[in-house]
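The following block contains the structure, expressed as structure tokens.
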Amino acid sequence: SIPLGFFAGIGGLSKNGILVKGSTVIESLSTLQQMVFDKTGTITQGKFGVSKILGEQKAIEYAAYAESNSTHPIAKSILDAYKEEVDTKRIQEVEEIAGHGIRIVLDGETILVGNTKLMDQFNIKYPVIDELGTLVYVSKNNEYIGTLVIEDQLKQDSKQAIQSLKKAGIKNCVMLTGDRKAVADHIASQVGIDSVYSECLPNDKVNVVESLLPQGNLGFAGDGINDAPVLALADLGFAMGGVGSDAAIEAADVVIMDDNLNKIPLAINRSKKTMGIVK
Ligand code: ADP
Ligand code: MG
């Protein structure tokens, strides 16, 4: 039978907007040693603003048409910046390529919208761009058209949450991202992350988590569809309830309803107290 103290523990967490799926989660929370985070939407707000368009202005129109089919945080920001209606009748084909971007056929022409990995995959030549921001490259019929510079912002509570985690005994705080190194390192240094893995494909994220597992009880927090495999692999998966995809919420052991990262150290500290009571 489940000791009564667990119910008080689970109830107390739910009052704080932390949903825990089962009593074993409390025990696992109380012994957590490592915490791995996805960047976009987890450490950052996942709300990008388009700060510059380099190359042809048409790049924003092509990008908006491609992104009209995506639920990625990048997609919403590009559609917001475009402002005009997207006429979906102009689109003949759509393919979202995880960790790369999107390919569409628009008015019979092939449009690619994504990162340098996507451009490399299709052998498209693009200029070197010296900007600190996430870069979205656009090509049409195998020719480079332009680049959107988009910028995300830290969540207000990220830095404090990492500090509190360290106080709660987490010895390793790690960030994983598909974004480029310059952006990843910049974000990580602002919040006090111990190690950063950037330019990860979805499968690279799985490999990193697998390699860290032997070093101690590991939690992973993420928001995206791509994150479901790592959420399942971690000893404890945390999903962001507000911005998280259904797949991530489904795969998680703990759901943070308001996306506030401070709820993770709170859950750890509460669980330690609960375990003190129930043991
Ligand atoms: P993360 O959540 O760590 O940013 P993703 O795997 O979701 O990782 O994305 C990795 C990278 O792939 C993004 O930084 C971006 O460069 C590119 N990308 C993914 N999806 C899209 C999209 N819909 N539009 C443009 N670029 C994308
Ligand atoms: Mg993501």
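Each reported figure results from applying straightforward, stated rules to the coordinates on display, with no laboratory input. Keep in mind that what you see is a predicted model, and the values were worked out from it rather than measured. Cβ placement follows ideal geometry from the backbone for every residue including glycine, while neighbour counts extend to all protein chains displayed.
Between the DSSP loop rule and a limit of at most 11 other Cβ atoms within 10 Å, which GluC sites (Glu not before Pro) in the range 1-104 are left? Write down the numbers at each step before the final one.
On the way: sites: 27, 56, 61, 67, 84, 85, 93, 95, 96; in loops: 56, 84, 85.
For GluC sites (Glu not before Pro) across the range 1-104 that sit outside H, G, I, E and B with at most 11 neighbouring Cβ atoms in 10 Å, the list reads 84, 85.
What net charge do the residues around residue 21 carry, taking every other residue with its C-beta under 14 Å from that of residue 21, with Lys and Arg at +1 and Asp and Glu at -1?
Charge balance near residue 21 sits at -4.
Restricting to DSSP H runs of at least four residues, report the calculated mean residue ellipticity at 222 nm for the chain, -39500 (n - 2.57) per run over all residues, nearest 500 deg cm²/dmol.
That comes out to -11000 deg cm²/dmol.
Separate question: For the chain, find the longest principal axis of its Cα atoms and tell me its angle to the long axis of helix 73-82, 0 to 90°, nearest 10.
Here the helix axis deviates by roughly 40 degrees.
Just to confirm a number: summing +1 for Lys and Arg and -1 for Asp and Glu over residues other than residue 102 whose beta-carbon lies under 13 angstrom from that of residue 102, what do you get?
Local charge sum for residue 102: -2.
Let me ask something else. With charges set only on the Cβ (+1 for Lys and Arg, -1 for Asp and Glu), what does the dipole of the chain come to about its Cα centre, in debye to the nearest 20?
Computed charge dipole of the chain: roughly 1340 debye.
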